[in-house]
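Trainee: Take a look at the following structure, please.
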Amino acid sequence: MGKRLNLKLLLPFLLLLIAVFCVSFKTIFFYKPILLNVFVILAFGILPQIKIEKIRRHQFSDYFAKRKKLAEKKKYLDTERNKLEKQIQILKDKIQKQEKLYEISTEIEKINDSQKLADISLERLRIETGVKEIAFFKKEKNIFSLIASRNVNAGEISLWEKVASGEIIRGYTRIPLRVKKEEIGCIILKNLSDELKTPAYVLSRQITLGYEKALLYEEVEALSRIDGLTGLYLRRFFMKRFEEEIERAERYNYKVAFVMCDIDDFKKYNDTFGHQMGDRILEKVAEVLRENLKPGDVAGRYGGEEFCIFAPVLKKEEGIEKAEGIRRSVEEKTKVTISIGVSYFPDDASIKEDLIKTADEALYRAKKKGKNRVEVLA
């Protein structure tokens with residue numbers, strides 16, 4: 001555009017110069033009036049072109065100035081848009097986290113079983129953090145006991161119990177579950193990355209609320225599950241817990257000892273000293289059983305003068321040692337003796353009914369062999 005305009009102005013300028021030259025030197029080739037007219041015509045022809053050129057240059061300058069301003073404004077708007085997009089993404093992430101927390105809270109709120117809650121909580125934490133090895137411990141009488149885990153080997157449980165009790169071991173993250181400054185349990189995660197610790201702690205708060213509720217519910221329910229005389233679990237509830245323990249043992253590959261106890265000559269004792277003394281003996285034997293329980297062991301009243309215990313063990317010898325310890329304690333602390341039969345999951349049987357039958361047969365053998373002894377069929 002600029003080159004085209006310059007060519008248009010070039011010819012008039014040349015003619016103007018010639019006219020000026022001729023007038024100045026009074027050349028013989030042109031008459032002075034004619035040259036003056038030419039000069040005027042050329043002047044009036046050039047001036048509009050100059051004016052137009054000036055206007056166009058001014059317009060181009062305005063155009064480029066506006067274009068520059070628009071480019072700067074676009075850059076600013078793009079920057080602001082990127083900021084807004086980042087803020088929107090942050091808000092979306094927060095909303096997503098809140099939705100997850102709400103979903104988890106709703107799910108946990110419906111659970112009244114602490115064992116089931118522990119299992120679901122670990123699964124949720126495993127998904128959210130990507131941690132493979134994770135465990136849930138409950139706290140009773142300042143003792144931590146494992147109630148749920150993922151990918152924890154039976155041989156490493158003692159190490160995890162140390163962490164649960166407060167020992168600091170590298171690679172293990174312990175998250176306490178506190179209610180009004182009182183610790184009711186803890187969750188342990190192995191190899192949890194630093195950036196995922198905050199989400200894990202946030203999720204643990206929801207788990208704590210649900211776990212507290214489940215414990216309160218179970219405390220109320222326990223009143224209908226416990227034998228009023230001995231303070232041990234009633235047979236129905238004990239068997240339910242026993243079945244759950246078998247399922248866990250099968251899942252995590254550990255043994256369970258089932259111990260069946262019977263007070264020797266209890267009918268004769270009742271007939272001799274009366275039913276009130278018989279009840280006191282039942283209470284005393286139940287007390288001895290509780291004294292010999294370890295975390296994870298569960299005792300119940302099977303019926304009449306029969307009691308039963310199930311206990312997670314690593315070796316079969318542990319079950320026999322436990323039974324012998326109970327037998328000696330009863331003999332030392334009461335006026336009666338007991339006979340005991342022991343069976344093992346999965347060595348003797350893989351279902352509850354068969355384990356009870358095997359232990360009962362072992363108990364019958366103990367009675368046959370003179371009572372006040374422990375017997376195992378295998």
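The values are calculated or read from the model by the stated rules, or taken from the named source; none is laboratory data. Small disclaimer: the values here were computed from a predicted structure and weren't measured. Neighbour counts are summed over all protein chains in view; Cβ atoms, including those assigned to glycine, are modelled from backbone coordinates with ideal geometry.
Trainee: Working only within the range 174-198, note down all residues that are in contact with an Asp or Glu (Cβ under 6 Å, 6 or more places away or on another chain) and closer than 28 Å to Glu156 by Cβ.
Mentor: Of everything in the range 174-198, those that are in contact with an Asp or Glu (Cβ under 6 Å, 6 or more places away or on another chain) and closer than 28 Å to Glu156 by Cβ turn out to be Pro176, Lys190.
Trainee: Out of Glu291, Glu318, Glu306, report the one residue that is among the charged types (D, E, K, R) and at pLDDT 95 or above.
Mentor: Being among the charged types (D, E, K, R) and at pLDDT 95 or above holds for just one of Glu291, Glu318, Glu306, which is Glu306.
Trainee: To continue, here is another question. Any idea which residue in the range 105-141 is surrounded by the most Cβ atoms within 10 Å (Cβ to Cβ), counting only those that are assigned to a helix (DSSP H, G or I) and polar (S, T, N, Q)?
Mentor: Ser121
Trainee: Can you find a residue in the range 246-257 that is crowded, with 19+ Cβ neighbours inside 10 Å, in the same structural domain as Gly370 (by TED's automatic domain parsing) and outside any helix (DSSP H, G or I)?
Mentor: Looking for residues that are crowded, with 19+ Cβ neighbours inside 10 Å, in the same structural domain as Gly370 (by TED's automatic domain parsing) and outside any helix (DSSP H, G or I), one finds at least one in the range 246-257, hence yes.
Here's the yes/no breakdown for (1) without any contact (Cβ under 8 Å) to a residue 40 or more places away in the chain; (2) touching a Cys at 6+ places or on another chain (Cβ under 9 Å):
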| residue | (1), (2) |
| --- | --- |
| Tyr211 | no, no |
| Ser224 | yes, no |
| Gly228 | yes, no |
| Ile246 | no, no |
| Ala249 | no, no |
| Cys261 | no, yes |
| Lys267 | yes, no |
| Thr272 | yes, no |
| Gly278 | yes, no |
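Trainee: Of the residues that make up the range 167-188, is at least one free of Cβ contacts under 8 Å to residues at least 24 places away in the same chain, surrounded by fewer than 21 Cβ atoms within 10 Å (Cβ to Cβ) and of a type in the set (A, V, I, L, M, F, W, C)?
Mentor: Yes, the range 167-188 has at least one match.
Trainee: Which residue is nearest to Lys316 (Cα to Cα), if the candidates are limited to the range 364-378 and must be small (Gly, Ala, Ser) and loosely packed, with under 13 Cβ neighbours inside 10 Å?
Mentor: Ala378
Trainee: Is it true that Ser343 is among the small types (Gly, Ala, Ser), under 23 Å from Tyr252 (Cα atoms) and surrounded by 21 or more Cβ atoms within 10 Å (Cβ to Cβ)?
Mentor: yes
Trainee: Being of a type in the set (D, E, K, R), modelled with pLDDT of 75 or more and over 30 Å from Glu218 (Cβ atoms) is true for just one of Lys116, Lys83, Lys51. Which residue is that?
Mentor: Lys83
Trainee: Pull out all pairs, ordered by first then second residue, where Cβ-Cβ is under 6 Å, the residues are six or more apart or on different chains, the first lies in the range 297-320 and is touching a residue at least 40 places away in the same chain (Cβ under 8 Å), and the second is among the β-branched types (Val, Ile, Thr) and assigned to a strand (DSSP E or B).
Mentor: That search, which allows pairs on different chains as well, returns Ala299/Ile309; Glu305/Ile263; Ile309/Val259; Phe310/Val256; Phe310/Val298; Pro312/Val256; Gly319/Val313; Gly319/Val342.
Trainee: Which of the residues belonging to the range 333-347 are touching an Asp or Glu at 6+ places or on another chain (Cβ under 9 Å), more than 17 Å from Glu283 (Cα to Cα) and outside any strand (DSSP E or B)?
Mentor: Residue satisfying the conditions is Pro346 alone.
Trainee: Residue check, Asp262 against (1) touching a Lys or Arg at 6+ places or on another chain (Cβ under 8 Å); (2) buried (at least 16 other Cβ atoms within 10 Å of the Cβ); (3) in a helix (DSSP H, G or I), all met but one. Which one?
Mentor: (3)
Trainee: Among the listed residues Lys284, Lys268, identify the single one that is within 19 Å of Ile338 (Cβ to Cβ), in contact with a Ser or Thr (Cβ under 6 Å, 6 or more places away or on another chain) and assigned by TED's automatic domain parsing to the domain that holds Ala299.
Mentor: Just a single option satisfies the conditions, and that option is Lys284.
Trainee: From Gly319, Gly325, Gly300, grab the single residue that is of a type outside the set (Asp, Glu), surrounded by 20 or more Cβ atoms within 10 Å (Cβ to Cβ) and assigned to a helix (DSSP H, G or I).
Mentor: Just a single option satisfies the conditions, and that option is Gly319.
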